[in-house]
Amino acid sequence: MGLDLFFKDDIYHILVALHQAMLSTGVDGDYRRGYEAALTATALAFGLDPRRDLPLLPETRGGGDE
């Protein structure tokens, strides 16, 4: 039986990569806001502080669409 072990740095890099992949598709509007909200929720689920650890997301900067 394997260990389910996650390192916060690894999770952070995965979330950044997913965000970059979404940006490269050119999507905007509601889909983008929903995608970013899902990334924020995932960060919280792994114990990351989105405001500190994921400043690349607009909602963690206190803004809207950029």
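Every number here is computed from the coordinates shown, using simple stated rules; none is lab data. All values reported here derive from a predicted model rather than from experimental measurement. Every residue, glycine among them, receives a Cβ derived from its backbone with ideal geometry; neighbour counts consider all protein chains shown.
Restricting to region 1-33, what's the tally of residues that are touching a residue at least 12 places away in the same chain (Cβ under 8 Å) and surrounded by 10 or more Cβ atoms within 10 Å (Cβ to Cβ)?
12
If you go through region 34-57, how many residues are surrounded by 15 or more Cβ atoms within 10 Å (Cβ to Cβ) and part of a helix (DSSP H, G or I)? Don't jump to the end; show me each part of the working.
To start, the set of residues in region 34-57 that are surrounded by 15 or more Cβ atoms within 10 Å (Cβ to Cβ) comprises 35-36, 39-40, 42-43, 46, 48, 50, 53-54, 56-57.
Now restrict to residues that are part of a helix (DSSP H, G or I): 35-36, 39-40, 42-43, 50, 53.
Final tally of qualifying residues: 8.
Among the residues of region 41-57, how many are more than 13 Å from Phe6 (Cα to Cα) and either without any contact (Cβ under 8 Å) to a residue 12 or more places away in the chain or among the aliphatic types (A, V, I, L, M) (or both)?
So the count comes out to 10.
If I ask for residues that are closer than 18 Å to Pro55 by Cβ and of a type outside the set (A, V, I, L, M), which ones from region 1-38 would you list?
Within region 1-38, Lys8, Asp9, Tyr12, His13, His19, Gln20, Arg32, Arg33, Tyr35, Glu36 qualify.
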